[in-house]
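In what follows, a structure is listed as structure tokens, so that the remarks can point back to it.
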Amino acid sequence: MRRILKKNKAFTFQPFSQKQLKLLNWWREGSPNHDKDMIIADGSIRSGKTIACICSFLLFTQETFKDGENFILAGKTMGALKKNVVKPMIQILTAWGWTYNYNRSENYIEIGNSTYYMYGANTEASQDALQGLTAAGAYADEAALFPQSFIDQMIGRCSVEGAKIFMNCNPESPHHYIKIEFIDKAMEKNVYHLHFTMNDNLSLSQKVKDRFKRMFTGVFFKRFILGLWVASDGLIYQQFADSPDEYIIDDEWLKEHPIVVGTIGVDFGGNTSAHSFKFTGFTHGFKEVVTIMEYYRHERINPDQLNNDFIDFVKRVQSKYKCYEAYCDSAEQTLISGIESAVIKAGITIDIKNAIKGPINDRIAFYNSMMAQGRYKIHKSCTHLKSAFEEAVYDEKQVTKDVRLDDGMMDIDSLDSQEYSTEYIQDDIMYINVV
Ligand SMILES: Nc1ncnc2c1ncn2[C@@H]1O[C@H](COP(=O)(O)OP(=O)(O)OP(=O)(O)O)[C@@H](O)[C@H]1O
Ligand SMILES: [Mg+2]
């Protein structure tokens, strides 16, 4: 086998907490939970679930299946998996002195005789790829952000005798399928449930824990900090709705806080929805996220008009700011192609990309956190987005999921386009200045 020994930073371990040790060793003979088929580690953010889960999964797979098997590594998106799991995993392998072959383009890692295939749970292609696999184990990071179909498929693939499934997640709604199907039915489904709080991560100082606590408000505080499966209700952006003026900025503010670079988010309208573009700028070091310009058009327009309006918008943005990318609703490939040709024809330099369209809750949590941290601002001219943030509510009829009410009155289009403009970077900038 070809082995690549790259110079990677080795993970610097600090002592594992008792909870982490349980997660590390549950599958071993002699452990009271040895016979369980699955472990779910849930709880607060930054509580040490992922690190302990990676170590446990590596040890379980390598010690149990010495002749080699296939294994599944899954994250909410491929990008998140690479950043949150594969990166620390490589550092852990380096610290342990294990050799590996990481195929970055084909998305798999070979260790010993075993192959670990990587999947982003948010794409149809991943689900299709999973279908052909027979695996002896799976690791799902942030599993509550996966579609249930992916989790079901993943479990179905683990048909090798002795296979075990490792999942971790932050809590969501108490009606979430992970809570109902696996945690509440842990005995029946032979699941070992381990609950984590930040105190189970001995590498965090009190100061850092206190800073994390200030990162979220409302239902996200209860879920991500207290680690509770609690329901969302009412206003989605309560803090914004309570005092919108705290977030509104004008041209004076922009002069004092120069925008280094920015991105455009595009949501295309349909029969009842609007075309919406947002330009979001970032101040130095991604400290602040600022919605600076918006376009919003509810009436039906033909594709040529849409292209012209987009070009005007980009010109308006680029006359003042650096902007190299636009993330567009990927459900509308024809409109995206039209825009792509139109910008080339107009001689405008901007990369037209597909929006990631990861879990909506994840995007909502990002804005909740940026608002709580005082790092989100909106220019006073962006009146549609301001109203959208103020008015957005959860749909009471769909309590099993956190769904935004979309009754034709709510401006979901402004929220979507805003989120597309930051989604590609949200996980990287949320914790800036916290740790
Ligand atoms: N035993 C350890 N030694 C050194 N660092 C650790 C250890 N356990 C956790 N950490 C560090 O603490 C931080 C949080 O840990 P981890 O990512 O495992 O938490 P998590 O519970 O998965 O968080 P989230 O819910 O936000 O994904 C990381 O930077 C991780 O490297
Ligand atoms: Mg994690």
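The values are calculated or read from the model by the stated rules, or taken from the named source; none is laboratory data. Everything numeric here is computed off the predicted structure, so don't read it as measured data. Positions of Cβ are backbone-derived with ideal geometry, glycine not excepted, and every protein chain shown enters the neighbour counts.
Being part of a loop (DSSP other than H, G, I, E, B) and in contact with a strand residue (DSSP E or B) (Cβ under 9 Å, 6 or more places away or on another chain) is the filter; apply it to segment 359-389 and report the residue that is surrounded by the fewest Cβ atoms within 10 Å (Cβ to Cβ).
Initially, segment 359-389 is screened for residues part of a loop (DSSP other than H, G, I, E, B), giving 359, 373-375, 380-382.
Now narrow it down to the ones that are in contact with a strand residue (DSSP E or B) (Cβ under 9 Å, 6 or more places away or on another chain): 375, 380-382.
On the way: ARG375: 18, LYS380: 12, SER381: 15, CYS382: 24.
Among those that are part of a loop (DSSP other than H, G, I, E, B) and in contact with a strand residue (DSSP E or B) (Cβ under 9 Å, 6 or more places away or on another chain), it is LYS380.
From PHE286, PHE310, grab the single residue that is modelled with pLDDT of 95 or more, at positive phi and out of contact with any strand residue (DSSP E or B) (no Cβ under 6 Å at 6 or more places or on another chain).
On the way: PHE310 fails: at positive phi.
Answer to the check: PHE286.
Checked against the criterion of being away from ligand 1 (no atom under 13 Å from the Cβ), over 19 Å from the mean Cα position of the chain (by Cα) and surrounded by 15 or more Cβ atoms within 10 Å (Cβ to Cβ), the candidates ASP184, ASP210 yield just one match: ASP184. Out of all the residues in segment 57-70, is one or more within 15 Å of ligand 2 (Cβ to nearest atom), in contact (Cβ under 8 Å) with a residue 12 or more places away in the chain and charged (D, E, K, R)? For segment 57-70, residues within 15 Å of ligand 2 (Cβ to nearest atom), in contact (Cβ under 8 Å) with a residue 12 or more places away in the chain and charged (D, E, K, R): absent.
Inspect segment 390-408 for any residue being crowded, with 22+ Cβ neighbours inside 10 Å, in contact with a strand residue (DSSP E or B) (Cβ under 9 Å, 6 or more places away or on another chain), in a helix (DSSP H, G or I) and modelled with pLDDT of 95 or more and give the result as yes or no. Looking for residues that are crowded, with 22+ Cβ neighbours inside 10 Å, in contact with a strand residue (DSSP E or B) (Cβ under 9 Å, 6 or more places away or on another chain), in a helix (DSSP H, G or I) and modelled with pLDDT of 95 or more, one finds none in segment 390-408, hence no. Can you give me the number of residues within segment 13-50 that are touching a residue at least 40 places away in the same chain (Cβ under 8 Å) and within 16 Å of ligand 2 (Cβ to nearest atom)? Here the count works out to 17. Taking the conditions (1) of a type in the set (D, E, K, R); (2) under 28 Å from the mean Cα position of the chain (by Cα); (3) crowded, with 17+ Cβ neighbours inside 10 Å in turn, LYS83 satisfies each one other than (3).
Restricting attention to segment 309-318, does a residue exist that is under 18 Å from ALA274 (Cβ atoms) and among the charged types (D, E, K, R)?
Of the residues in segment 309-318, the ones under 18 Å from ALA274 (Cβ atoms) are 309-310, 312-313.
Cutting the leftovers down to among the charged types (D, E, K, R) gives us 309, 312.
Looking for residues that are under 18 Å from ALA274 (Cβ atoms) and among the charged types (D, E, K, R), one finds at least one in segment 309-318, hence yes.
Listed by position, the strands (runs of 3 or more DSSP E) inside segment 90-135 whose residues that are free of Cβ contacts under 8 Å to residues at least 12 places away in the same chain number at least 1 are 101-103, 108-111. Counting only helices (runs of 4 or more DSSP H) wholly contained in segment 1-84, the ones carrying 3 or more residues that are more than 14 Å from ligand 1 (Cβ to nearest atom) occupy 49-64. Of the residues making up segment 148-178, those that are buried (at least 17 other Cβ atoms within 10 Å of the Cβ) and more than 16 Å from ligand 1 (Cβ to nearest atom) are PHE150, ILE151, GLN153, MET154, ILE155, ARG157, CYS158, ALA163, LYS164, ILE165, SER173, TYR177. Within segment 163-186, the set of residues being more than 19 Å from LEU23 (Cβ to Cβ) and not in a helix (DSSP H, G or I) comprises GLU172, SER173, PRO174, HIS175, HIS176, ASP184, LYS185. One residue alone among ALA129, ALA95 is more than 16 Å from ligand 1 (Cβ to nearest atom) and surrounded by fewer than 21 Cβ atoms within 10 Å (Cβ to Cβ), and that residue is ALA129. Among the residues of segment 119-149, the one identified as modelled with pLDDT of 95 or more, closer than 26 Å to ASN354 by Cα and away from ligand 2 (no atom under 16 Å from the Cβ) is TYR119.
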